[in-house]
Amino acid sequence: MDDQQMFSLTASQAVDSIASGQMTAEAYVRALLSRAQSLSNLGAFITLNADGAIAAAKAIDAKRQAGQPLGALAGLPIVVKDNINTKDLPTTGATPGLAGFRPSANAAVLQPLLDAGAIIIGKANMHELAFGITNTNFAPFAGVARNAYKSTHIPGGSSGGSGAAIGARIVPAGLGSDTGGSVRIPAALNGIAGMRPSVGNGGAERRYSGKGVIPLSHTRDTVGPMGRTVADIALLDAVITGTSRPAPLPLRGLRFGIPTAYWDLVDNEVLAMMEAAKAKLAAAGVVFVQAELPNVRELLEKTGFPIVLHEAGVDLPVYLAESGATGVTVASLAQQAANPEVRSAFQAVVTDAFGPQYPDALNVYRPQMRALYDNYFSSQGIDAIFFPTTPLPAVPIDPIKGTSTVTVNGGAPLDEFETFIRNCDPGSTTGLPGITLPIGLTKDGLPVGMALDGPVGSDQRLLSIGMSAEALFGLLPAPNL
């Protein structure tokens, strides 16, 4: 198998090819490392794990040659967002206050992947401290990450490096994290699939452990898988949760809700592509239901930022202590933050500016949101909410401000961060599971993502639906890099 064939493999295909002996894990890892180095201009990685990845690949090949059983991910190279603890590699959060920090243990969500034979190619770039969607960093060791399909444009965030690395065919799959849309936004902008697992009430309803991940909010944070295909993220999800991989679910008779709140601010070209996707799904038997979510935006305003900006001040000290980051405090992280908007946000964390609003945000308004969504799904018999993952395709990088303003269909300037998280944020705040998958490219060659949010606990069903939808749309062509 030549390098170009290796680059085109999905995660599932790569695992099968290594298990069958069609290629060696070492050859595959070396090819992908070479691609990572040749595409270093994308800024997708903060740390490459060249020696460690090659050693791990050699160990997988030795096991196969010896006839020993292989794990479900044996030889699969993955990228890991740099806020997910890795004991053998730094975990920097792309922030100066943690530059070079090496945690004492792997994150709980990562360990099952490694136990199953996955190989970390490197730690992915991310928006500093996961608080942003551009991945335009000012810390020199992190720098700017770029879109896989157009390097002058943002890759999304905060898991922008993971999105860019997978979209650019450097790796087939990996991990990001999602508080307000940080897996699904970069997945959509880089033409790949991504999943936000259920968080629900944060207790028994939480699908993935958050232990060993630099936090923003224990109520909202979750790690999520990213991959070239929905089948790839289903593979990673099955290993993380110890469940079986779901099969595609027939689309005929499924009911997708279309609430106006997700559709009242959409770029015209994105809207046209979503309408074309809707027509394909309808032809396959999906029933679309025009059902509203009254007051969802008002409830979101009372819950989103108050929860995150209070809980970051509570959760970060616990993480720092548990991970062995001695001498680092929330105040020192805020003071050293390189991105102006991150520094401003973390000043609000340090002063607990949203502390007075937090009790009602958590105990009154968030439960109201959950009840609103629970009723929406049950009363209308809706399987998933259907919407454009982001209102816009990727926009140009702002190298001066990092985060700027955008316009939709020539309208007034809007805050870039709030615009890009607009559709993902309601489900994130409520704890719903959600997936995104690509539906095509704009006339400028930029990917557009279609999102589906489901009831809490419907993760595997969403993946099954996503696999069937993906078969309708097909995969995007590789970017011209």
- request: Go through the stretch 194-213 and give me each residue that's under 15 Å from the mean Cα position of the chain (by Cα), more than 16 Å from Gly457 (Cβ to Cβ) and open to solvent by less than 30 Å² (accessible area, probe 1.4 Å).
  value: Gly194, Val213
task: Kindly list the number of the only condition in (1) in contact with a Ser or Thr (Cβ under 9 Å, 6 or more places away or on another chain); (2) of a type outside the set (Asp, Glu); (3) modelled with pLDDT of 95 or more that fails for Ser209.
output: (1)
- request: Give the stretch 54-96 a look and list any residue that's within 16 Å of Gly174 (Cβ to Cβ) and among the β-branched types (Val, Ile, Thr), or say none.
  value: Ile78, Val79, Val80, Ile84, Thr86, Thr91
message: Can you tell me how many residues within the stretch 221-236 are acidic (Asp, Glu) and open to solvent by 10 Å² or more (accessible area, probe 1.4 Å)?
response: 1
query: If you check every pair at least six apart or on different chains, which have Cβ atoms under 6 Å apart with a residue in the stretch 18-42 that is over 18 Å from Ser162 (Cβ atoms) first and a residue that is outside any helix (DSSP H, G or I) and open to solvent by 60 Å² or more (accessible area, probe 1.4 Å) second?
result: Met23/Met1
- request: Would you mention how many residues in the stretch 214-229 are more than 13 Å from the chain's Cα centre (by Cα) and within 20 Å of Ala471 (Cα to Cα)?
  value: 1
message: Being on the phi > 0 side of the Ramachandran plot and not charged (D, E, K, R) is true for just one of Gly97, Gly117. Which residue is that?
response: Gly117
field: Leu216 vs. criteria assigned to a helix (DSSP H, G or I), open to solvent by less than 30 Å² (accessible area, probe 1.4 Å) and not acidic (Asp, Glu)
entry: no
statement: A careful count of residues in the stretch 108-144 that are open to solvent by 10 Å² or more (accessible area, probe 1.4 Å) and assigned to a helix (DSSP H, G or I) gives 5
statement: Reported set for the stretch 173-193 where residues are farther than 13 Å from Ile84 by Cα, more than 8 Å from the chain's Cα centre (by Cα) and not β-branched (Val, Ile, Thr) is Ala173, Gly180, Ala188, Leu189, Asn190, Gly191, Ala193
message: Pairs needed: first member in the stretch 114-136, under 29 Å from Asp16 (Cβ atoms); second member anywhere, open to solvent by less than 10 Å² (accessible area, probe 1.4 Å) and of a type in the set (Ser, Thr, Tyr); C-beta distance under 8 Å; at least 6 residues apart or different chains.
response: Ile120/Thr86; Lys123/Thr86; Lys123/Thr91; Lys123/Thr92; Ala124/Ser159; Ala124/Ser162
- prompt: Within the group Arg102, Arg184, which residue is open to solvent by 10 Å² or more (accessible area, probe 1.4 Å), out of contact with any helix residue (DSSP H, G or I) (no Cβ under 6 Å at 6 or more places or on another chain), of a type outside the set (A, V, I, L, M, F, W, C) and farther than 28 Å from Thr24 by Cα?
  reply: Arg102
The stretch 353-390, subset open to solvent by 20 Å² or more (accessible area, probe 1.4 Å) and small (Gly, Ala, Ser), residue nearest to the chain's Cα centre (by Cα): Ala371
field: helices (runs of 4 or more DSSP H) within the stretch 239-352 that include 2 or more residues surrounded by fewer than 14 Cβ atoms within 10 Å (Cβ to Cβ) and among the hydrophobic types (A, V, I, L, M, F, W, C)
entry: 268-283, 296-323
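The values are calculated or read from the model by the stated rules, or taken from the named source; none is laboratory data. Just so it is clear, the structure is predicted and the values come from calculations on it, not from any experiment. We place every Cβ from the backbone using ideal geometry, glycine too, and count neighbours over all the protein chains shown. Accessible surface areas use protein heavy atoms only, side chains included; no ligands, DNA or RNA. Shrake-Rupley method; radii C 1.70, N 1.55, O 1.52, S 1.80 Å.
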